[in-house]
Amino acid sequence: MQGRIAARYAAERRFRWMGFGAVVMSGVFLAFLLFTMVGNGLRGFTYTSVTIPIDFAASPLTVGRDVFSAPDADQQIANAGLREIVDFAAEEALGTDGAALISENAWQVVRDALKADPDAANIRGEFSLPVASDIDIAAKDDGNAAAERAVATLKEKGLLSTGVHWSFFTRADATDPAVAGIWGALKGSVMTILIAFAVAFPTGVLAALYLEEYASRNRWTDFIEVSINNLAAVPSIIFGLLALSVFIQFFGICQASPLVGGLTLALMTMPVIVIASRNAIKSVPPSIRDAALGVGASPVQVVFHHVLPLALPGIMTGTIIGMARALGETAPLLLVGMRAFIGDVPSGFCSASTVLPMQIFLWSDQVDRGFVEKTSAAIIVLLIVLLSMNAIAIYLRNRFEKRW
Amino acid sequence: MGGTTFILLLLIVGLSVVGWLSARVRAAMVAGRTASRLHSLPSYHGWYVALWVAIPALLFLAVWNNVTPALITNDVLATEAGSNLPQSGFERSAILGEARSVAVGDRPIVSNPAAGPLVTPYREAAGKYRIIGILATLALVLAGGIYAFTRIKPDFRARTRVERVVMLLLFAASLVAILTTFGIVLSLVFESLRFFALVSPAELLFGTNWKPTTGAPEPDTFGAIPLFWGTILIGAIIAMIVAIPIGLMSAIYLTQYAAPIVRSWVKPMLEILAGVPTVVYGYFAALTVAPAFRDFAAMLGVPNASTESALAAGVVMGIMIIPFVSSMADDSINAVPQAMRDGSLALGATSNETIRQVLIPAALPGVMGGILLAVSRAIGETMIVVMAAGLAANLTANPFASVTTVTAQIVKLLTGDQEFDSAKTLAAFALGLVLFIVTLLLNIVALRIVKKYREAYE
């Protein structure tokens with residue numbers, strides 16, 4: 001008998017450890033994921049630059065001073081051969097392969113500096129230029145042998161420096177990973193989410209109000225409820241198919257724009273908002289409604305003056321969580337055309353743009369090793385945004401939700 | 001036309017605000033000294049007038065904007081130059097389109113000589129209809145405003161009428177939800193029918209060779225069994241082998257054994273795991289997990305181990321689904337009344353015997369429903385498989401080999417420049433329809449199981 005009890009207690013201990021182990025495993029998975037991303041990505045926030053002198057007095061830029069503030073300044077400066085001047089200066093300072101050591105977009109950094117200070121185009125000045133992508137990798141950990149040698153030489157001459165890559169946040173996508181940035185994708189994400197919110201929030205909340213408060217319980221409302229619940233569980237790529245065939249083919253809305261992306265995400269988020277709003281509205285006790293009716297309010301006044309304000313914290317929590325989910329979605333947007341290299345920042349709601357998760361996906365496909373750390377850095381940014389949104393939602397829920 | 005519409009919209013909004021303010025004042029004036037003579041509050045009278053100003057004008061504007069292009073085109077065709085155009089077809093619409101863009105100002109000059117004489121008629125017709133539109137909108141605004149304004153009296157039931165409009169708005173919002181469902185089903189079915197006219201459903205569902213080519217569909221190239229098998233292998237087998245034990249055991253530990261402080265830390269951790277976007281999981285799988293598994297497979301001597309393996313994608317997908325299974329199991333186990341647990345413990349069972357023999361059987365419908373919903377979610381997942389599992393349609397049982405799933409193929413078929421009508425593009429819709437039906441069935445069965453077998457304890 002004692003033996004059996006001991007065996008049972010032993011089984012109990014094993015079972016308990018298995019449960020604990022399962023929880024620990026989930027934690028380990030999450031930690032592993034986060035550490036991998038952060039470890040790869042933190043280096044993406046720094047960049048290596050080399051300081052070289054460019055003597056504009058010796059090799060002048062043949063444009064007048066007023067060109068720098070003209071609307072097509074970029075085009076004119078490019079035509080005036082700024083790139084060759086910068087390459088020549090690099091060769092002077094760094095040796096015969098100097099032009100290969102600096103980034104192919106380095107001349108754009110000089111161009112922006114000249115636009116900010118046109119007087120510098122006449123004198124000799126020192127410019128800090130981003131290095132080419134393989135030099136960047138070699139300086140950070142280990143690149144190929146030739147790059148490592150070049151890095152060693154540059155360090156001896158004291159020309160190499162590293163710094164925080166603030167332009168990661170202000171530049172749009174580029175083919176050279178050293179100058180690629182996420183501003184285009186961030187702006188596209190913000191515009192898309194704005195449209196998704198503007199369409200999904202009113203529709204979702206108003207539909208939930210109608211279904212909870214005014215609709216009579218018959219077969220039609222049951223059918224509506226079932227279909228909304230099913231919509232919430234449909235795979236997201238199906239919404240992409242819907243957007244492709246209805247929005248783009250049938251209605252002809254501009255492709256790959258925040259408008260069509262926002263509409264797709266709105267369709268995807270609306271069932272989530274409806275379900276969250278219905279739960280929040282259901283949790284308001286009937287006594288509030290009866291009391292309002294008792295003081296003489298009409299049914300619409302009961303809902304809009306009494307029920308809705310009380311249900312609002314729950315509605316906002318559900319909306320923020322739904323929006324956070326939409327912000328991280330890629331699959332439906334793949335099908336509406338956002339899977340393309342967009343080198344400019346989107347200017348309007350109908351211009352071609354991309355969103356941050358899509359940018360991560362596009363960069364992950366690139367062969368250049370420099371994009372690995374950029375992708376991880378972009379993932380860090382995305383995770384920070386999403387986690388703060390979820391944290392705000394949970395804070396709202398804990399602070400304002402009333403338990404009746 | 002866009003600029004005019006915007007200005008008109010601003011005008012309508014501005015005039016409705018004016019109407020709202022003046023109606024409120026008038027209602028207060030009409031009530032005289034005793035405001036209780038009014039049936040509705042002054043603000044409701046304000047809303048009444050504002051709605052009468054805005055709604056007819058907005059409806060007219062919506063219809064007018066859609067109708068004017070056709071009217072303008074008719075006017076242009078009636079002129080002499082217009083009647084000389086070819087009767088129908090691509091060239092005619094190209095010429096008309098060019099004339100329109102020159103008239104609007106998008107293009108500086110015409111390249112097609114036939115479009116030249118059409119520009120001036122376009123401009124005239126556009127201008128004429130624009131003026132008509134502006135005048136009609138202003139007339140409607142004024143007429144609506146004056147009509148509503150004259151009806152303001154103390155016993156006028158403004159609130160009832162305004163609330164009727166509000167109810168209509170709520171009803172319309174609910175209709176959008178149904179329209180979305182119908183839209184999905186209809187668009188999928190419509191495009192799939194066009195596909196099934198080219199390739200038979202039997203070939204899609206039962207064929208084993210997936211090699212779609214552009215152009216006319218060749219026989220035996222659209223067999224989707226490898227895709228279905230890949231989806232099941234990754235989503236229903238490997239992912240579930242990872243997710244179900246860990247998720248279920250986590251839920252059991254959290255509900256039965258964990259101290260409240262542990263629970264308050266672990267729950268947010270699981271929510272974070274659920275909130276990580278699938279792109280990040282896919283990248284993690286492609287960057288770290290897949291090479292590790294490939295090296296492991298090479299060490300074991302498995303033939304055909306590729307960097308894009310079903311195992312990598314399946315394991316990461318399982319990790320993604322753990323919070324899902326865990327929260328569903330958590331809810332079901334918590335729903336079992338304490339009395340059953342206390343009774344079992346009182347009879348002398350240990351905790352794990354209570355869990356295994358009393359709680360889990362009682363919570364089983366909820367747990368099963370949760371598992372089915374998790375399978376449905378795993379089947380519909382796209383990004384992880386696109387990034388980590390590759391696009392090779394392989395019918396193999398080797399988890400280290402590269403397989404593809406339905407969702408990854410949908411993405412592959414639709415990205416890239418091809419005509420919308422080709423068999424390849426339509427195949428994506430047919431696959432989408434199959435996916436939609438399968439996930440729908442899984443969801444319905446899951447809910448049915450939960451509803452039917454759930455014991456009512458109280």
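Nothing in this text is a laboratory measurement; each read-out follows from the coordinates by a stated rule. Computed from a predicted model, the values in this text were never measured in an experiment. Cβ sites come from the backbone with ideal geometry, for glycine too, and all protein chains shown count toward neighbours.
Before moving on, here are some points about what is shown:
- Per residue, the convex hull around the alpha carbon atoms of segment A:302-368 comes to 134 Å³.
- Shape call, chain B: gyration tensor on alpha carbons, a/c limit 1.5: oblate
- Once you divide the Cα radius of gyration of segment B:225-453 by 2.2 N^0.38 Å, the number left is 1.16.
- Restricting the GluC sites (Glu not before Pro) of segment A:309-404 to loop positions (DSSP other than H, G, I, E, B) with no more than 16 neighbouring Cβ atoms within 10 Å leaves A:Glu401.
- Between segment B:110-168 and segment B:179-225, the Cα center-to-center distance that results, in Å: 46 Å
- Alpha-carbon spread of segment A:251-333, three principal axes, descending order, Å: 53, 25, 13
- In segment A:291-404, the C-alpha radius of gyration followed by the widest Cα-Cα span (Dmax) gives 21.0, 70 angstrom.
- Candidate lysines - alpha carbon under 23 Å from A:Lys402, same-chain residues fewer than 8 apart omitted: A:Lys282, B:Lys267
- For the pair segment A:8-22 and segment B:24-67, the centres of their Cα atoms are 70 angstrom apart.
- Separation of segment A:186-250 from segment A:331-386 is 25 Å, based on Cα centroids.
- Cα Rg, Dmax (largest Cα-Cα span) when computed across segment A:183-400, Å: 19.8, 70
- Annotation: lysines with alpha-carbon distance below 20 angstrom to A:Lys155 (same-chain offsets under eight excluded): A:Lys140.
- Counted over all Cα-Cα pairs of segment A:50-163, pairs farther apart than 22 Å make up 33 percent.
- Furthest towards positive pole of dipole, A:Ala132, A:Ile182, A:Thr153, structure part segment A:97-223, Cβ charges: A:Ile182
- Partner aspartates and glutamates whose Cα lies under 18 Å from the Cα of A:Lys157, excluding those fewer than 8 positions away in the same chain, are identified as A:Glu91, A:Glu92, A:Asp97, A:Glu126, A:Asp136, A:Glu148.
- Prolate/oblate/rounded label for the protein assembly as shown (Cα gyration tensor, a/c 1.5): oblate
- When all alpha carbon pairs of segment B:253-317 are counted in 10 Å bins from zero, the resulting P(r) reads 20, 32, 23, 20, 5 %.
- Alpha-carbon geometry of chain A: the Rg and the Dmax are 28.8, 101 Å, given in that order.
- Computed over every Cα-Cα pair of segment A:1-71 and binned at 10 Å starting from 0, the pair-distance distribution P(r) comes out as 14, 15, 14, 13, 12, 9, 8, 6, 5, 4, 0 percent.
- Counting only whole DSSP H helices of chain B, the ones at least 20 Å long by C-alpha along their axis and with mean Kyte-Doolittle hydropathy no lower than 0.0 are B:2-31, B:42-78, B:90-104, B:119-150, B:158-198, B:260-275, B:310-335, B:360-379, B:423-453.
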